[in-house]
Amino acid sequence: MPARRNSRPYVTLNAAMSLDGKIATYNGDSRMSSPADLRRVHRLRASVDGIMVGMRTLLREDPKLTVKFARGRKPHRIIVDSNAQTPLTSYVVRTAEEIPTIVAVTSRAPKNRIETLERRGVEVFVCGKGPLVSVKILLQTLRKIGIRKILLEGGGALNWSMLSGGLVDEVSVAITPRILGGEKAVSLVEGKGVALVKDAVKLTLLRTSKYGPDLVVHYKVQN
């Protein structure tokens, strides 16, 4: 069952993908957005309270998850990291004293890793007892601390976990005029998927727009 809307933040999934649905090449290169679309993304970031990514994105890209082109905005950086493996050398940890940074783990995460992250200024939330973070518990926890809007910039696994759990409200995708191919390239959504088309996550088109060579499609999720 989807989580009640008033018990969690409003979530927008945002990504840039190739025409064949890839958000990164087989070796992890994900630099696809045009300069015009990057400005759109940073305007989106400036409108939310938190930016969420998974561990694969963090390890592959070492993202800053900050806002350019808008002064004074410092959304929380939220890392879904079941086993507290976030590298201490990562940008988000090195700047955790300056920009609010949350790492979500499970109760199975090593306590010494949690304590080390906390000493660096990271807030660590334990969300679930299973092998993977319960994103439902995480979102409820984030809502309780005042985070009302989240931009999900996840990889395929986190995107599927959020969508399949009924935890995404809007989807905004910049389609770049490229075809990447590669069976090991990262797709917009991965995970188990659905067995039947009728069970798909259904969307309603809100608008389309063009940013440089990129076509941006914006959908409402029919939760």
Inset, instruction - Could you tell me whether Lys136 is in contact with a Phe, Trp or Tyr (Cβ under 6 Å, 6 or more places away or on another chain), at pLDDT 95 or above and within 18 Å of Asn223 (Cα to Cα)? - result: no
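Rundown of residues vs (1) buried (at least 17 other Cβ atoms within 10 Å of the Cβ); (2) touching a strand residue (DSSP E or B) at 6+ places or on another chain (Cβ under 7 Å); (3) within 22 Å of Val135 (Cα to Cα); (4) not hydrophobic (A, V, I, L, M, F, W, C), yes/no style:
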position: Val48; (1), (2), (3), (4): yes, yes, yes, no
position: Thr57; (1), (2), (3), (4): yes, no, yes, yes
position: Asp62; (1), (2), (3), (4): no, no, yes, yes
position: Leu65; (1), (2), (3), (4): yes, yes, yes, no
position: Phe69; (1), (2), (3), (4): no, no, no, no
position: Arg77; (1), (2), (3), (4): yes, yes, yes, yes
position: Thr86; (1), (2), (3), (4): yes, yes, yes, yes
Legend entry - Test: Arg108 is out of contact with any His (no Cβ under 7 Å at 6 or more places or on another chain), of a type in the set (Lys, Arg) and over 30 Å from Thr89 (Cα atoms): no
Legend entry - Residue in the stretch 177-193 that is within 23 Å of Leu44 (Cβ to Cβ), at pLDDT 95 or above and in contact with a Pro (Cβ under 7 Å, 6 or more places away or on another chain) present: yes
Legend entry - Long-range neighbours under 8 Å by Cβ, at least six apart or interchain, first residue in a helix (DSSP H, G or I) within the stretch 118-132, second at pLDDT 95 or above and of a type in the set (S, T, N, Q): none
Inset, instruction - Select from the stretch 10-43 the residues that are closer than 19 Å to Thr176 by Cα, buried (at least 17 other Cβ atoms within 10 Å of the Cβ) and aliphatic (A, V, I, L, M) and list them in ascending order. - result: Leu13, Ala15, Ala16, Met17, Ile23, Ala24, Met32, Leu38, Val41
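The values are calculated or read from the model by the stated rules, or taken from the named source; none is laboratory data. Predicted model, so just to flag it, every value in this text is computed and none were measured. With ideal geometry, Cβ positions are generated from the backbone for all residues, glycine too; neighbour counts draw on all protein chains shown.
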